[in-house]
Amino acid sequence: MGRSFRVVILGGGTASGYAASEFVKHGLNPGDLCVISQEMVAPYERPALSKGYLLAKEPARLPAFHTCVGVGEQSHPAKWFQEKGIELVLGTRVTQANVRDKTLLTAAGETISYSILIVATGARVLKLDEFGVTGADAKNVCYLRDIKDATYLVDAMAECREKGGKAVVIGGGYIGMECAAALHGNRIPVTMVFPEDYCMPRLFTPEIARYYEDYYMKKGIQFRKGNVLSSFECDESDKVTAVILKDGSRIDADIVVVGIGIRPNVDLFEGQLMLEKGGIKVNGKMQSVSNASVYAVGDVATFPMPMYSDVRRLEHVDHARKSAAHAVQAILMGNKVDNYDYLPYFYSRVFTLSWQFYGDNVGDSVLFGDQIVGKFGAFWVHNGRLVGAFLEGGSKVEYAALAKAARERPHVKDISMLKKQGLDFALTV
Ligand code: FAD
Ligand code: NAD
Ligand code: ISD
């Protein structure tokens, strides 16, 4: 017989760290809670991996960015879990889950039982071999999801920089944009390759994207847009030396960083829990709709969004933190807790730039402000209401106004007036 716990959190990432912290805030009996993670370190703020961790000067290192520093609280290293009576099982992959028996089987062969399970398994990166790209397992092809990847990337960047090498970044999403900035900051020339016409297509409009692309190009970063990789050229030591694109062109590469999206880690629960949109379908308490003993939080949860009369899965840290806290409150207080009513919040920081987005990017977009001075934004208007708001270079007060506007969704009578009013519109909501 293995160990048994009242609550087990499966996964040791950002949501897991915030769930553990929420339990502690409400009072926890020693031995009630277990956190199982395949990572070797206590939960940490994953966003730091593509930002502070990759800096050329004074890079961030653990234990400085364990959860919950992202919301201005203390960093909780493994010792904190021990002090709070939480069993932190690190370096341990769960290979099977049985939600009927309420057991988890670890790769070490231990069966761990729970009364309540919180699934916080996050996601895995999509790999180029899944698209049939040959040579994609070469040593200098780097991905970025966890601290092991980040450490590998830091070493690969150092090797590349020492020999005066060049980088190719595959993917024009969050990882691509943030890693390209980090590579540049490490004095490595960068070419970005992605299939779309402009960067960050999941969120940006062409006008927003143009500002960031121009900024990157002024730094010397090159773009090969509307293009995909077909193969790698490798040397005898299994290292990529060049990237060959579908149009036949060739780009020298001494390091390749790939960010082509993720897939939520739901495999353990396939056939056992109801899945939707790639995630575990939960109700407003973050509780599985098909098994009341299971909760899901963070990247792996598909949850109701009352604001949009929709169910969605989000891959951002603010939701990971808030959904984790919400699940714990629901576990402890049941129906006294309102349903999760989340306002999407995304952000990024690259070079000296910094943007935030709140709400939903559907409908017509309206650009406002001044891209020349670097203070600009966009609103999205859908069915006559402002539903989404983006701002580069804003202040705390301005970002709070954006959030309020995206939450309240005021009516917009005249889109051309909205463009003229710009930020003032949000500031008066
Ligand atoms: P994760 O943090 O990925 O944690 C999942 C955990 O589960 C991991 O520890 C994993 O090893 C473990 N696990 C999975 N399967 C098993 C198993 N079978 N057995 C044991 N353990 C298992 N979002 C933003 O909003 N802003 C940002 O700036 C930002 N930057 C990011 C930078 C990077 C490099 C990455 C990768 C993501 C970034 N994100 C950002 C997204 C954000 O970090 C995620 O949305 C968030 O981490 C999701 O939290 P999670 O706990 O659901 O998953
Ligand atoms: P993403 O979904 O943001 O971007 C994926 C990009 O990959 C697409 O925009 C496209 O340009 C490209 N692409 C897709 N298929 C391709 C193919 N076959 N060949 C070449 N390019 C292809 O995903 P990501 O950038 O990999 O980020 C991974 C995860 O990390 C996401 O969940 C993201 O939200 C998260 N993340 C978030 C932040 C942030 O919020 N600031 C920062 C880093 C990472
Ligand atoms: O971008 C971020 C973010 O949201 C975090 O929580 O970096 C981390 C930490 O702030 C890094 O210390």
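The values are calculated or read from the model by the stated rules, or taken from the named source; none is laboratory data. Nothing here was measured: the structure is a model prediction, and the numbers come from that model. Glycine also receives a Cβ, built like all others from the backbone with ideal geometry; neighbour counts cover every protein chain displayed.
For every residue, the table says whether it meets (1) under 24 Å from the mean Cα position of the chain (by Cα); (2) crowded, with 18+ Cβ neighbours inside 10 Å; (3) in a strand (DSSP E or B).
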site: S354; (1), (2), (3): yes, no, yes
site: N361; (1), (2), (3): yes, yes, no
site: F368; (1), (2), (3): no, yes, yes
site: I372; (1), (2), (3): no, no, no
site: F379; (1), (2), (3): yes, yes, yes
site: G388; (1), (2), (3): yes, yes, yes
site: L391; (1), (2), (3): yes, yes, yes
site: G394; (1), (2), (3): yes, yes, no
site: K404; (1), (2), (3): yes, no, no
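What is the residue count in segment 172-189 for residues that are under 15 Å from the mean Cα position of the chain (by Cα) and of a type outside the set (A, V, I, L, M, F, W, C)? Talk me through it step by step, then tell me what you get.
The initial filter retains those residues of segment 172-189 that are under 15 Å from the mean Cα position of the chain (by Cα), namely 172-179.
Then keep just the ones that are of a type outside the set (A, V, I, L, M, F, W, C); that gives 172-174, 176, 178.
Final tally of qualifying residues: 5.
Return the residue satisfying two criteria in turn: it lies in segment 256-278 and is surrounded by 14 or more Cβ atoms within 10 Å (Cβ to Cβ) and away from ligand 2 (no atom under 14 Å from the Cβ), and of such residues it is nearest to the chain's Cα centre (by Cα).
V266
Restricting the search to segment 42-65, which residues are away from ligand 3 (no atom under 14 Å from the Cβ) and either outside any loop (DSSP other than H, G, I, E, B) or surrounded by fewer than 21 Cβ atoms within 10 Å (Cβ to Cβ) (or both)?
A56, K57
Tally up the residues in segment 334-345 that are out of contact with any strand residue (DSSP E or B) (no Cβ under 9 Å at 6 or more places or on another chain) and part of a loop (DSSP other than H, G, I, E, B), please.
The number of residues fulfilling the criteria is 2.
Which of the residues that make up segment 1-31 are within 16 Å of ligand 3 (Cβ to nearest atom) and either surrounded by fewer than 19 Cβ atoms within 10 Å (Cβ to Cβ) or among the hydrophobic types (A, V, I, L, M, F, W, C) (or both)?
A15, A19, A20
Give me the pairs, please: first residue somewhere in segment 335-347 and under 9 Å from K285 (Cβ atoms), second residue anywhere and near ligand 1 (Cβ under 10 Å from one of its atoms) and of a type outside the set (V, I, T), beta-carbon distance under 9 Å, and either six or more positions apart or on two chains.
Y340/S323
Could you tell me which of the residues D137, D146, D155 is within 15 Å of ligand 2 (Cβ to nearest atom), out of contact with any strand residue (DSSP E or B) (no Cβ under 8 Å at 6 or more places or on another chain) and under 28 Å from S237 (Cα atoms)?
Values: D137 fails: within 15 Å of ligand 2 (Cβ to nearest atom); D155 fails: within 15 Å of ligand 2 (Cβ to nearest atom).
Being within 15 Å of ligand 2 (Cβ to nearest atom), out of contact with any strand residue (DSSP E or B) (no Cβ under 8 Å at 6 or more places or on another chain) and under 28 Å from S237 (Cα atoms) holds for just one of D137, D146, D155, which is D146.
Name every residue in segment 66-77 that is part of a loop (DSSP other than H, G, I, E, B), touching a His at 6+ places or on another chain (Cβ under 8 Å) and under 20 Å from S348 (Cα atoms), in order of residue number. Quick ask: steps written out before the conclusion?
Initial filter on segment 66-77 (part of a loop (DSSP other than H, G, I, E, B)): 67-68, 72-77.
Of the ones still in play, those that are also touching a His at 6+ places or on another chain (Cβ under 8 Å) are 67-68, 75-77.
Correct list: T67, C68.
Restricting attention to segment 78-86, does a residue exist that is at pLDDT below 95, over 21 Å from Q272 (Cβ atoms) and either part of a loop (DSSP other than H, G, I, E, B) or within 13 Å of ligand 1 (Cβ to nearest atom) (or both)? Before the answer, list the steps.
Quick first cut of segment 78-86, residues at pLDDT below 95 only: none.
Looking for residues that are at pLDDT below 95, over 21 Å from Q272 (Cβ atoms) and either part of a loop (DSSP other than H, G, I, E, B) or within 13 Å of ligand 1 (Cβ to nearest atom) (or both), one finds none in segment 78-86, hence no.
Does E83 count as more than 19 Å from the chain's Cα centre (by Cα) and more than 22 Å from I175 (Cα to Cα)?
yes
Among the residues of segment 1-31, how many are part of a helix (DSSP H, G or I) and touching a residue at least 40 places away in the same chain (Cβ under 8 Å)? Step through it out loud before you land on a result.
So the first thing to find is which residues in segment 1-31 are part of a helix (DSSP H, G or I), and the list is 14-26.
Narrowing the set further to residues that are touching a residue at least 40 places away in the same chain (Cβ under 8 Å) leaves 14-24, 26.
Count: 12.
For segment 55-74, give me the residue count where each residue is within 16 Å of ligand 2 (Cβ to nearest atom) and either small (G, A, S) or in contact with a Pro (Cβ under 7 Å, 6 or more places away or on another chain) (or both).
The total comes to 2.
Give the residue, chosen from S75, S50, that is over 18 Å from I9 (Cα atoms), of a type in the set (S, T, Y), modelled with pLDDT of 95 or more and in contact with an Asp or Glu (Cβ under 6 Å, 6 or more places away or on another chain).
S50
Picking from C34, C68, which residue would you name as being closer than 30 Å to V337 by Cα, within 13 Å of ligand 3 (Cβ to nearest atom), touching a residue at least 40 places away in the same chain (Cβ under 8 Å) and not β-branched (V, I, T)? Explain how you work it out, then say what you get.
Values: C34 fails: within 13 Å of ligand 3 (Cβ to nearest atom).
On inspection, the qualifying residue turns out to be C68.
Table: residues versus (1) within 16 Å of ligand 2 (Cβ to nearest atom); (2) outside any loop (DSSP other than H, G, I, E, B); (3) among the β-branched types (V, I, T).
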position	(1), (2), (3)
L104	no, yes, no
S113	no, yes, no
E130	yes, yes, no
R161	no, yes, no
V168	yes, yes, yes
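Return yes or no: is V94 away from ligand 2 (no atom under 16 Å from the Cβ), surrounded by 19 or more Cβ atoms within 10 Å (Cβ to Cβ) and closer than 25 Å to H319 by Cα? It would help to see each step written out before you state the result.
Numbers: away from ligand 2 (no atom under 16 Å from the Cβ): yes; surrounded by 19 or more Cβ atoms within 10 Å (Cβ to Cβ): yes; closer than 25 Å to H319 by Cα: yes.
Yes, satisfied.
Free of Cβ contacts under 8 Å to residues at least 40 places away in the same chain, among the aromatic types (F, W, Y) and touching an Asp or Glu at 6+ places or on another chain (Cβ under 6 Å): is that true of W355 in this structure?
yes
Pull up segment 217-252, narrow it to residues that are part of a loop (DSSP other than H, G, I, E, B) and touching a helix residue (DSSP H, G or I) at 6+ places or on another chain (Cβ under 9 Å), then point me to the one that is farthest from A138 (Cα to Cα).
Per the stated criteria, the residue is K219.
Suppose we filter segment 307-333 for residues that are in a helix (DSSP H, G or I) and either crowded, with 23+ Cβ neighbours inside 10 Å or not aromatic (F, W, Y) (or both); how many remain?
Result for segment 307-333: 18.
From G363, G334, which residue is over 27 Å from A292 (Cβ atoms) and more than 16 Å from ligand 1 (Cβ to nearest atom)?
When all the criteria are applied, what remains is G363.
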